[in-house]
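A short write-up of the structure that comes next.
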Amino acid sequence: MLIISRKSSESFIIGEDIVVNILEVNGDKIKIGIEAPKDIKILRTEVVETIHNNLRAVETEGIPDLGVIKKIIKL
């Protein structure tokens with residue numbers, strides 16, 4: 001893991017076309033802005049974990065429309 005220290009209004013670049021801007025630092029919270037191509041998915045970790053947990057729950061229940069649910073998630 002790379003650890004980078006930044007102040008408000010500073011930024012860093014990932015690859016050639018992703019820019020992460022530090023917008024605000026307030027106590028233990030920071031606001032960041034991410035500039036990336038539209039084809040790059042940016043999701044919060046807890047959202048991805050919830051999706052995976054829900055898919056696992058559906059798979060264990062044997063619900064036949066799992067393919068439809070996966071298509072909806074991709075939208």
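The values are calculated or read from the model by the stated rules, or taken from the named source; none is laboratory data. Bear in mind that the values here come from a model prediction, so they are computed numbers and not experimental data. Cβ: placed from backbone, ideal geometry, glycine included. Neighbour counts: every protein chain shown.
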| message | Please verify whether Ile13 is among the hydrophobic types (A, V, I, L, M, F, W, C), part of a strand (DSSP E or B), farther than 23 Å from Lys70 by Cα and under 13 Å from the mean Cα position of the chain (by Cα), treating the condition exactly as stated. | response | no
| Within segment 14-58, restricting attention to residues that are in contact with a helix residue (DSSP H, G or I) (Cβ under 9 Å, 6 or more places away or on another chain) and surrounded by 11 or more Cβ atoms within 10 Å (Cβ to Cβ), which residue is modelled with the lowest pLDDT? | Val58
| message | Pairs needed: first member in segment 26-44, in contact (Cβ under 8 Å) with a residue 40 or more places away in the chain and not assigned by TED's automatic domain parsing to the domain that holds Glu16; second member anywhere, assigned to a loop (DSSP other than H, G, I, E, B) and exposed (fewer than 10 other Cβ atoms within 10 Å of the Cβ); C-beta distance under 9 Å; at least 6 residues apart or different chains. | response | none
